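Below you'll find the structure, written out as structure tokens, and then a few comments.
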Amino acid sequence: MNRSTLVDLLRMCAIICASSGCLLPAAEYPAARRGPQVDDYFGQKVADPYRWMEDIDSPETAAWIGAERAYTQAAFAGMPERAAIRSRLRELWNFPRFGLPQRAEGRLFYTSNDGLQNQAVVCVVDHAGATPRVLIDPNLLSAEGTVAVTEVSPSEDGSLLGYGLAVAGSDWNEFHVRDVGTGRDRDDVVRWVKFSRLSWTRDGGGFFYSRFPEVPRGDKLFGRLSGRQLFHHRLGTAQSEDRLVFEIREHPDWQFSARVTDDGRYVAISVEQNSQTHNALYYIDLADPMAPRVDAAVVRLLDRFDAHYRFVGNTGAVFHVFTSLGAPRGRVVSIDLGSPAAEAWRTAVPETADSIEAGAVRFAGGKFVVATLHDAVGRLSVYSSAGAPLGQIPLPGIGSVGEGDLSGRERDPEVFFRFSSFLAPPSIMSYNLDSGAQAVFQQPRTPFDPSRFETRQVFCTSRDGTRFPIFITARRGLRADGSAPAWLYGYGGFNISIPPAYAVPPAVWIEMGGVYAQANIRGGGEYGEEWHLAGTKERKQNVFDDFIAAADFLVADGFTARDRLVVEGRSNGGLLVGAVLNQRPDLCAVALPGVGVMDMLRFHKYTVGAPWAADYGSSDDPEGFRYLRAYSPVHTVRTGVRYPAVLITTGDHDDRVFPAHSFKYAAEMQRAAADKPGSGPVLIRIDSNAGHGGSSGTSPVSKAIDEWADKMGFAAHFLPAGALSLPKQP
């Protein structure tokens, strides 16, 4: 039987099944060959029967992907809930959204999306009172909307804008330079960039950036990356002439990033090892900002990898640095470069009971603006340069100002911040640090009516007695009688906090009568470094225990029932859902693991996976192998148990989390479901011309709506009839 005939039969089967109110039988799952691959880990043999799926472009893998896509689309055809949900998603997605503004002399730069544009455009306001104009519209670069603007960095005088472009959801970027006055690009193009900022020198003559060596075409998406280098690009020259500024030849897998200080005097460089959660801080003294000495020596300021260090700002030769050293919840210290020993540091912002968001501290107008989390709820405080507390900036409710939500410059008293909550889309506010005046810069209007809903915070206890918060958003006056469907989201990793934030899919879910719950579990940064470390390496089981406890809590306290519970997570959260599902297949009715890290024995061998060993550990180490093998989703799928309905999602161009993770997991889960009547179904949705999505910020809006319609429609289909009030279609 050829492939096209198989596809036609699958579609016909779906039509027949849909008409009788069922889904495709598990026996019809696309065949996935189980190969003979067996690996030896310190004397223990571990089978890897789907190793062939790691060859993404092989004919066999392509045929399996095609068969899975046909099977999934045929199954989706029997789910009428998707169309109604897609319609409401599109309506609620249609509201204006804005990026955080950046000032450069008299100009203001920010990104904007009118609602349903596939990609945000870059706007500029040339002077106070001027009408904003579109400077870059990536939607004109691709009919499918798959080209996105990433990095946006104006030169000091605002005459030039450096920006990055990413294609098809890839993390690879190309940097370009646009003349702000004419709206035309210069000839400067910088390639082979990944996870790097573009940081201008004060004279506007060039910029620093990090890149990887050019890789063979076949390895560009999924090959393991190493050999990162820091370069300086001089405007008007070819990339081949760029000056190599810094590399670590003896440790090619280490990562680093660089930024020029606001005064243009220094370049601050953060260096990260693969196996350590802590980092080092180096710098380059450029001497004269208007004639920078880009070939100056790199000075290793903090080189012990004994804590987190992040450059915040400087006052001349004094660096202000966020650190966790001696302060697990974070503090800011001032370090004189002339006497940098720790005994000479001055504490500028002390540690408190609340944790400081490491990427949400700004030194602006001679003051520190500090975003903190109090039980995962955002607060915003101001300190003088000497460390005196100057009060809080008022925030409008239970929400967040997190990493990337603050902008401001050392010599400018005005800062911008973005505030979001579960019930309010992000607003951009301005605050004058001298006068205390606060104003709304951009406040979007949305068709969503928040007045009928409320967010409350409850606390749950994990298996070992650890207490953690859960945010619950639902209609006002919800009766805790177990009748409401609940959607539980979790992440739990990489010191990333998950505070309250608005998103369209949860808004649609609660409109339909559902409960949206977000668990702040260990592994994140909600309570500082100790909270993060409690969910790493051999302690990763704590993360799974917390999430399981959150699900059990929602059921026990009547927020939902077991047959009405949906669990979801992406990336590290996809790993979370996969691991929990294997440990507690009875936990929920529907599971949605997205772009997950599912093969914990091989994650470090592809793309940018090697640095994740700082959180996960590595199977190259005997102890690491032991605990990774114990929960690795691919290796812990259980036959003979009844799994809930599972929809796995990934993108065929995901060069952050290698799609073979999801491929292997789907094949093994389908094998298990086929062996147990009533188990599943297990589907995999493999998007085309798509990358990691989510936090990468490059997914076209149309693709995001389609994916969420499929996920939410799938979830609704496998809940009890009438559990959700589906939107009325126009």
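The values are calculated or read from the model by the stated rules, or taken from the named source; none is laboratory data. Remember, predicted model here, so these are calculated numbers, not experimental data. Positions of Cβ are backbone-derived with ideal geometry, glycine not excepted, and every protein chain shown enters the neighbour counts. Each accessible area value is taken on the protein alone, full model and side chains, heavy atoms only, with ligands, DNA and RNA left out. Shrake-Rupley method; radii C 1.70, N 1.55, O 1.52, S 1.80 Å.
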Wholly within region 338-379, strands (runs of 3 or more DSSP E) carrying at least 3 residues that are over 28 Å from Asp303 (Cβ atoms) = 367-374
Being surrounded by fewer than 20 Cβ atoms within 10 Å (Cβ to Cβ) and within 19 Å of Ala342 (Cβ to Cβ) narrows Asp253, Asp263, Asp288, Asp306 down to just Asp306
On the given criteria, is Gly326 out of contact with any Pro (no Cβ under 7 Å at 6 or more places or on another chain), surrounded by fewer than 22 Cβ atoms within 10 Å (Cβ to Cβ), modelled with pLDDT of 95 or more and among the small types (Gly, Ala, Ser)?
-> yes
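Each row is one residue, and each column tells you yes or no for (1) within 14 Å of Arg522 (Cα to Cα); (2) part of a helix (DSSP H, G or I); (3) touching a residue at least 12 places away in the same chain (Cβ under 8 Å).
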residue: Asp545; (1), (2), (3): yes, yes, yes
residue: Gly558; (1), (2), (3): no, no, yes
residue: Val567; (1), (2), (3): no, no, yes
residue: Gly573; (1), (2), (3): yes, yes, yes
residue: Ala579; (1), (2), (3): no, yes, yes
residue: Cys588; (1), (2), (3): no, no, yes
For His233, the lone unmet condition from (1) outside any loop (DSSP other than H, G, I, E, B); (2) loosely packed, with under 15 Cβ neighbours inside 10 Å; (3) in contact with a helix residue (DSSP H, G or I) (Cβ under 9 Å, 6 or more places away or on another chain) is (2)
Looking at (1) under 21 Å from the mean Cα position of the chain (by Cα); (2) at pLDDT below 95; (3) open to solvent by 20 Å² or more (accessible area, probe 1.4 Å), which is the only condition Phe658 fails?
-> (3)
Working only within region 367-390, note down all residues that are over 30 Å from Arg522 (Cβ atoms) and either at pLDDT 95 or above or of a type in the set (A, V, I, L, M, F, W, C) (or both).
-> Lys367, Val382, Ser384, Ala386, Ala388, Leu390
Qualifying positions in region 453-479 - of a type in the set (Val, Ile, Thr) and open to solvent by less than 20 Å² (accessible area, probe 1.4 Å) | Ile470, Ile472, Thr473
With the first residue restricted to region 361-372 and required to be within 10 Å of Val312 (Cα to Cα) and of a type in the set (Phe, Trp, Tyr), and the second required to be outside any strand (DSSP E or B) and open to solvent by 10 Å² or more (accessible area, probe 1.4 Å), Cβ contacts under 6 Å at 6 or more apart or on different chains are Phe363/Glu410
Would you please name the residue that is nearest to Lys537 (Cα to Cα), looking only at residues in region 612-634 that are touching an Asp or Glu at 6+ places or on another chain (Cβ under 9 Å), in contact (Cβ under 8 Å) with a residue 24 or more places away in the chain and surrounded by fewer than 20 Cβ atoms within 10 Å (Cβ to Cβ)?
-> Tyr627
Output the residues belonging to region 291-303 that are loosely packed, with under 15 Cβ neighbours inside 10 Å and part of a loop (DSSP other than H, G, I, E, B).
-> Ala291, Arg293, Asp295, Ala297
Would you call Ala589 in contact with a Leu (Cβ under 9 Å, 6 or more places away or on another chain), within 28 Å of Pro659 (Cβ to Cβ) and open to solvent by 10 Å² or more (accessible area, probe 1.4 Å)?
-> yes
Failed condition for Ala674, given (1) more than 30 Å from Asp114 (Cβ to Cβ); (2) open to solvent by 10 Å² or more (accessible area, probe 1.4 Å); (3) at pLDDT 95 or above, with all others met?
-> (3)
Of all residues in region 410-452, which are in a loop (DSSP other than H, G, I, E, B) and open to solvent by 50 Å² or more (accessible area, probe 1.4 Å)?
-> Glu410, Arg411, Asp434, Ser435, Ala437, Gln443, Arg445, Pro447, Asp449
Given the structure, is Leu592 assigned to a helix (DSSP H, G or I), farther than 17 Å from Pro469 by Cβ, touching a residue at least 40 places away in the same chain (Cβ under 8 Å) and within 22 Å of the chain's Cα centre (by Cα)?
-> no
Which of (1) within 30 Å of Leu116 (Cα to Cα); (2) touching a helix residue (DSSP H, G or I) at 6+ places or on another chain (Cβ under 9 Å) is the odd one out, the single condition Ser451 does not satisfy?
-> (2)
Can we say Pro681 is farther than 22 Å from Arg51 by Cα, modelled with pLDDT under 95 and out of contact with any Ser or Thr (no Cβ under 9 Å at 6 or more places or on another chain)?
-> no
Output the residue which, of all residues in region 56-109 that are in contact with a Gly (Cβ under 6 Å, 6 or more places away or on another chain) and free of Cβ contacts under 8 Å to residues at least 60 places away in the same chain, is surrounded by the fewest Cβ atoms within 10 Å (Cβ to Cβ).
-> Glu105
Of the numbered conditions (1) crowded, with 21+ Cβ neighbours inside 10 Å; (2) in contact with an Asp or Glu (Cβ under 9 Å, 6 or more places away or on another chain); (3) outside any loop (DSSP other than H, G, I, E, B), His176 satisfies every one except a single condition; which is it?
-> (1)
Residue, modelled with the lowest pLDDT, within region 684-730, restricted to residues that are among the basic types (Lys, Arg) and under 30 Å from Val121 (Cβ atoms) = Lys703
